[in-house]
1. Once you've got the GNM for the chain with C-alpha springs shorter than 10 Å, pick whichever of Phe141, Phe184, Phe156 has the biggest mean-square fluctuation.
2. Using alpha carbons only, what's the Rg to Rh ratio of the range 131-258 with Rh from Kirkwood?
3. Given the options Asp216, Asp134, Asp113, which has the most mean-square fluctuation in a GNM of the chain, springs set between C-alpha atoms less than 10 angstrom apart?
4. When only alpha-carbon atoms count, how far does the range 183-268 stretch along each of its three principal axes, as whole angstroms with the largest first?
5. For the range 7-233, go through all pairs of different Cα atoms, get the mean of 1/r, take its inverse, and jot down that Kirkwood value in Å.
6. Can you sort Glu235, Glu251 from fewest to most other Cβ atoms within 10 Å of each residue's own Cβ?
7. How high is the relative contact order of the range 7-233, in percent, with contacts defined as C-alpha pairs under 8 Å that are six or more residues apart?
8. Please report Rg over Rh for the range 239-293, where both radii come from the alpha carbon positions and Rh follows the Kirkwood definition.
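Every read-out reported here was derived from the displayed coordinates using simple, explicitly stated rules and does not represent laboratory data. Keep in mind it's a predicted model, so treat the numbers as computed, not measured. Here Cβ is always computed from backbone atoms with ideal geometry, including for glycine, and neighbour counts include all displayed protein chains.
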Amino acid sequence: MTLNGKNIVITGSGRGIGKSIAIACAKLGANIGLTSRTIEELNDTKKEIEVLGTNVKVIVKPADITKYGEVENIFKEFHNELGLLNGVIANAGYSRMSTTHEFYPEKFSEIIDVNILGVFNTFKAAYPYLKKDDKNAKARFIITGSAAYTNPMPKFAAYTASKYATIGMQKSLAAEYKKENITFNQILPTMVDTRLLRGRKAGDGNKAPSVMDPSDLTDYYIFLLSDDSNRVNDELIFSSDFQEIQKIISEAPAEKRENIDVVMEYLEEKAPKVYNNVRKLKKLVQYLMDKVN
Ligand SMILES: NC(=O)c1ccc[n+]([C@@H]2O[C@H](COP(=O)([O-])OP(=O)(O)OC[C@H]3O[C@@H](n4cnc5c(N)ncnc54)[C@H](OP(=O)(O)O)[C@@H]3O)[C@@H](O)[C@H]2O)c1
């Protein structure tokens, strides 16, 4: 898999999932635009990419994703320095836990602003600079959603609502821009060891086994940014489905792992619900299967 020469902007890339995506993309040859509010964290991500020695361009532009003027400016600058964008990942996100009747209205708004308005601002500001002139190499708009969609959590009303909203936004965008060369897809992780979930304890080595590392998610983003996913559009990629698939494949008898068609049939038989979620994502299953084998 390569992302050689692709220009990719990732919001919320100073730490956590966004940082892992940025490093993984740079390892595969992509030029990267990094943004969040904290310049020190963005510069750390940039340094970690530079020591890889891949000679990709890394551009750092701080902005508050909830302020359209700032987001508009940084996308202009990313375009000036990188050229047209092959991929944009709307990943910046925020959450707070509290009983709902005690939640401060300002906090509720803040979560809604980062997680919903932030995705809108990202798309609106990026749109003029998306490379949409080639139906065989469509521009990718990828949202980091959450498994809170389908699994709402108590005390996370604002966050859960915001992650339901990004599904609606994706569906609407995919319908609206279906004649343009842009795809819209979303990754929906379960729990990940980042500051959003574990505060300052993130990365301390004491996470529960069910909690993923940010780097466990990068394959999904890489696949969606790669040439292999040009026709994948308006899909929801649940990390839990693929964890289950990887387990099923790794435990399957050799004859059930022979090729992707045999694997898909085996999945349909063993885990029909998961199969239904992933049946249009055969190439992603193939990509992950190659990693297991
Ligand atoms: N961790 C999980 O368990 C989990 C599970 C499912 C989905 N997710 C999703 O994953 C995405 C990334 O979160 P994470 O887990 O990696 O958390 P994280 O480590 O806290 O990272 C969040 C990133 O978003 C940025 N951000 C927050 N508010 C912003 C604002 N107003 N303007 C610009 N950037 C802002 C942060 O930078 P600054 O604060 O410096 O601006 C940071 O870079 C989020 O969309 C989150 O909902 C996380």
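1. Largest GNM mean-square fluctuation: Phe156.
2. 1.02
3. The residue with the greatest mean-square fluctuation here is Asp134.
4. That gives 45, 34, 18 Å along the principal axes, largest extent first.
5. Answer for the range 7-233: a Kirkwood hydrodynamic radius of 17.7 Å.
6. Result, fewest neighbours first: Glu251, Glu235.
7. Worked out over the range 7-233, it gives 20 percent.
8. Here the Rg-to-Rh quotient is 0.89.
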